[in-house]
Structure formats: C-alpha cells, structure tokens
Amino acid sequence: MIAAFALLLAFQLAGEALRVALHLPVPGPVIGMGLLLVYLIARRGPSESLRTTSGTLLQNLSLMFIPAGTGVMLHGARLFDEAGPILVALVASTVLGLAATGLTLHFLTRKRKQEAPR
Amino acid sequence: MSPESMTEIWVYLSAQPLLWLTLTLAVYLLALALHRKAKGHPVVNPVLVSVSILVVLLLVTGTPYQRYFDGAQFVHFLLGPTTVALAVPLHAQLKRLLAMGGPLLIALVVGSLTAGLSAYAIGALLGASTPTVISLAPKSVTTPIAMGVAERLGGLASLTAVFVILTGIFGAIFADGILRRLGVKDDASIGFALGLASHGIGTARAFQLSEQTGAFAALAMGLNGLFTAITLPWLLPLLAPLLK
C-alpha cells in the first residue's frame, strides 16, 4: 500500500515537473494521471496493490473536496448579495452542460450499440 | 472536570491541526453513514452534508477558516494522488474509451462550450459583477484548473473554488435524474456528462453508480480541464460586451 501510494506521488511529482518545465496550463496531478495511464498501458495493467490503493482513494473522492468546500464560509457576503444571478447562472449552465454533453454522446453512439449492460 | 479546565483544553486543542483533521474525517464518516441510511439518495450528498456541518461548527465555535484548513489540508493534499489514481479505472475501460473516441471528442467540445459560455452569459445578463461573472465561467472544471484560469482572466480564485464545489454538488445530486428524464440512460453518456459538467464531485457520484460510469466521468473531467484551460482565455474576451 505504501509502495502504491509512493508510485502515485511519484507520478504527481513528474506531472508537476513537466508542467513547470513546459509551462503547461494543466495542473500537475492531471498530467500525472496521463503519465500513469501510459505506464499502465506499457505494463499491461496495475499491480494488485496499486489497484487496491487506487480503489480505496477513489471510493473516498468526496472526502477530499470537503476542506476546499468549507471555504464557502469566506464568501458569505458576496454570495448573499449576488445570490440571484449566481444561483441562476450555476444551475442553468450546469443543466445545459449536462444535457448538451449527455444528449450529444447518446445520439452519436446510439446507432452503434444498444444500451450498455450495467 | 471544572469548566475552566474544559475551556483550557478547548483553547489548546482548537489551535491544533489534529482537532480539525479528526473532525473532518469524523464528519465525513457521519455523512457517509447518512448517505447509506438514505439508500444512496443523491440529495444526501456526502460533500454537501459534511460542508454544511463543518461550516456550522466553525461559525458556532468562532474558528477562522484558515485555522480549520491548517488541519484539513492533509485531506486536501490527497486530492493530488487521487487524481493520478484515476488512471487505473481509465486503463480498465481503455478499449471502450478508444472505440468511442470520435463521439467523445465531439461531446467534449459541445458540452464544454455550453457549460462555460452559458454560465458567463447568464451571469452577465442578470447583472452580476464582473469578477463574479469571470469566476463563473470555469466552474465546471476541476478546482486547480478553474482557479488558475479565473485568476488569469480577472476573476477571484477562491470564489471560483466555491462555484466549482457548488456546481459539483448540484451536478452530483441532479445529473442522473435530469439525464434519465431526457432519455439518456447509458452509463457512458451519464458518466461523461457528469465528469464534464461537475468535475471530481460528479466523478465521485459516477463511481457510486458503477465503475464504468466512473471511468467515463474521470476521462471527461481530465479532457474538459485541458480543453477549458486552452480555449477559455481566447473565448471570454468575445463575450465581454455582455458585461455591465
């Protein structure tokens, strides 16, 4: 488990290094994700411990948004003053984004295959 | 124990990172238990429930956010390696993802532009202030990218983080209901839409639905982050006339 965690950190570190070196607009962890994917393709799959460690982390992805989310308390005044436009813009644009993405993909792939089995 | 010594212990502990780290984990476990008790109902979203409890706790105890974050940053840090770990489910679904490459890229462009530009346009037309409008535009992408983009364009990074989290929670709660009502029922489309419109929190929700749904969400989150970081700085100036 520690070895798998060290591997994840090493890929994150490599991602950060690439970002700084090449002035990329994407955060280090996202580049690290791409690098790990390349590594997994070359290696033909993750080790058992990497699979378990990743699974545990990903099952608790929600946890990791809690510290940043609690920062909502810093913006109470602005959120209150502009509550109307903010709420409408967030809700409407998210619904539009979800619908546009989901419907586009649904119609483009529908002909090729039937609903995928769960 | 006398009230004085209770106060003394509180004053000591509330200044330590340990207290707020422990409370973050405890509140999360409580939120998970509630989520299970509600049979996984999306409204009992673990992020929403945990953040609500913690904000109340911090306000009641008069604890500044910065002191809370001194402890909670250890959890926040895990966001990095966990993002890297998304490569594992992506690899497991690689064949399916590659087979759908064309449709996925088209859905990415359509969805990303719709989500970002509509947020900006609606905020501007309803008269929100300029920093708020700019901070709204990248709200569908993962926090670090959104904050970087907003800051470069004249928004407020920490406000963007709040919009990103609110968008994520909203998408996690309502996305599968909305998409099903529109007739979109396959796990690939639901997952890709969730990850694109609601980044990591949507991806967390997608993993609750199934591993395939989660893999598509993870891919959409990464692609939309990349696409937004590159295109938004060029597109937003075109919409600037909408600002008041």
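How fast does the stretch B:3-77 diffuse by Stokes-Einstein, in µm²/s, taking the Kirkwood radius from C-alpha pairs at 4 °C and 1.567 mPa s? List each step's numbers first, then the result.
Numbers: Rh = 13.3 Å.
Rounded, D is 98 µm²/s.
Only residues of the stretch B:34-71 count here: report those whose backbone N is under 20 Å from the spot 7 Å along Cα→Cβ of A:GLU16, or say none.
B:69-71
Filter the DSSP H helices in chain A by two things, a Kyte-Doolittle mean of at least 0.5 and an axial alpha-carbon span of 27 angstrom or more, and list the hits by number.
Those that clear 27 Å and a mean of 0.5 are A:2-22, A:83-110.
Please give me the summed charge of the neighbours of B:LEU194: other residues whose Cβ is under 14 Å from its Cβ, Lys and Arg +1, Asp and Glu -1.
On the way: positive: B:ARG180, B:LYS185, B:ARG205; negative: B:ASP176, B:ASP186, B:ASP187, B:GLU211.
Summing Lys/Arg as +1 and Asp/Glu as -1 gives -1.
Tell me, Kirkwood radius of the protein assembly as shown from alpha-carbon pair distances, in Å? Before the final figure, lay out each step's value.
On the way: mean 1/r = 0.0483 Å⁻¹.
Taking the inverse mean of 1/r over all distinct Cα pairs, the protein assembly as shown comes out at 20.7 Å.
If you average the alpha carbon positions of the stretch B:1-76 and of the stretch B:91-130, how far apart do those two centres end up, in angstrom?
After rounding, the separation between the Cα centres reads 34 Å.
Suppose every K and R has +1 on its Cβ and every D and E has -1 on its Cβ; what is the size of the dipole of chain A about the Cα centre, in Debye to the nearest 20?
Numbers: 10 positive and 5 negative charges, 143 e Å.
Charge dipole, chain A, about its Cα centre: 680 debye, nearest 20.
Relative to the Cα centre, what is the charge dipole magnitude of the protein assembly as shown, using +1 at the beta carbon of each Lys and Arg, -1 at the beta carbon of each Asp and Glu, and rounding to the nearest 20 debye? Walk me through the numbers before you get to the answer.
On the way: 23 positive and 13 negative charges, 266 e Å.
Magnitude of the dipole: close to 1280 debye.
Considering the options B:ALA121, A:LEU9, B:MET147, tell which one lies farthest towards the positive end of the dipole of the protein assembly as shown, charges being +1 on Lys and Arg and -1 on Asp and Glu at the Cβ, about the Cα centre.
B:ALA121
Report the gain in length on full extension from B:ILE230 to B:LYS39: 0.36 nm times residue separation, minus Cα-Cα distance, nm rounded to one decimal.
Numbers: separation 191, 0.36 × 191 = 68.76 nm, distance 4.01 nm.
Here the answer is 64.8 nm.
What size of dipole, in debye to the nearest 20, comes out for the stretch B:84-242 about its Cα centre when the only charges are +1 on Lys and Arg C-beta atoms and -1 on Asp and Glu C-beta atoms? Provide the component values of the computation, followed by the final result.
Numbers: 8 positive and 5 negative charges, 28 e Å.
Here the stretch B:84-242 has a charge dipole of around 140 debye.
Give the residue from B:THR231, B:ALA157, B:PRO131 lying farthest towards the positive end of the charge dipole for the stretch B:84-242; charges sit on Cβ (+1 for Lys and Arg, -1 for Asp and Glu) and the dipole is referred to the Cα centre.
Of the listed residues, the answer is B:THR231.
Say the dipole of the protein assembly as shown comes from +1 at the beta carbon of Lys and Arg and -1 at that of Asp and Glu; which of A:LEU40, B:VAL44, B:LEU182 then lies farthest toward its positive end?
Final value for the positive-end residue is B:LEU182.
When a/c reaches 1.5 or more, the comparison of a/b and b/c decides; with that in mind, is chain B rounded, prolate or oblate per its Cα gyration tensor? List each step's numbers first, then the result.
On the way: a/c = 2.13, a/b = 1.41, b/c = 1.51.
Here chain B falls in the oblate category.
Using Cα springs under 10 Å in a Gaussian network model of chain A, which residue among A:PRO46, A:PRO29, A:PRO85 shows the largest mean-square fluctuation?
In this elastic network of chain A, the residue with the biggest mean-square fluctuation among A:PRO46, A:PRO29, A:PRO85 is A:PRO85.
Provide, for chain B, the number of lysine pairs with alpha carbons under 26 Å apart, each pair being eight or more places apart or on different chains. Spell out each step's value before the answer.
Numbers: B:LYS37/B:LYS185; B:LYS39/B:LYS185; B:LYS95/B:LYS185; B:LYS139/B:LYS185; B:LYS139/B:LYS244.
Close lysine pairs found across chain B: 5.
By counting other Cβ atoms within 10 Å of each Cβ, how are B:GLU8, A:GLU82, A:GLU48 ranked from fewest to most? Each step should come with its number before you reach the end.
Working: B:GLU8 12, A:GLU82 19, A:GLU48 9.
By the 10 Å Cβ count, ascending: A:GLU48, B:GLU8, A:GLU82.
Per-residue Cβ counts within 10 Å, from other chains only, averaged over B:129-136: what number is that? Mind dumping the intermediate values first?
Values: counts 4, 0, 1, 8, 4, 0, 3, 5.
Mean inter-chain Cβ contacts per residue within 10 Å come to 3.
Can you compute the modelled spin-label distance between A:HIS23 and B:THR7, with each label point 7 Å from Cα toward Cβ, in nm?
Label-label distance for A:HIS23 and B:THR7, simple model: 5.7 nm.
Determine, for B:TRP10, B:TRP20, B:TRP234, the number of other Cβ atoms within 10 Å of each Cβ, and report the residues in order from fewest to most.
Values: B:TRP10 12, B:TRP20 27, B:TRP234 8.
With the sparsest Cβ surroundings first, the list reads B:TRP234, B:TRP10, B:TRP20.
Angle check, please: helix B:17-37 long axis (alpha carbons) against the longest principal axis of chain B (alpha carbons), in degrees 0 to 90, nearest 10.
So the helix axis and the longest Cα principal axis differ by about 60 degrees.
Once the other residues with Cβ under 12 Å from the Cβ of B:SER14 are scored (Lys, Arg +1; Asp, Glu -1), what is the net sum?
-1
Once you've got the GNM for chain A with C-alpha springs shorter than 10 Å, pick whichever of A:LEU90, A:LEU58, A:LEU36 has the biggest mean-square fluctuation.
Its mean-square fluctuation being the largest, the pick is A:LEU90.
Taken together, the values in this text are just the output of simple stated rules run on the coordinates, not laboratory data. Values in this document were obtained by computation on a predicted structure and should not be read as measured data. Quick reminder, even Gly has a Cβ in these numbers, built from the backbone with ideal geometry, and neighbours come from all protein chains shown.
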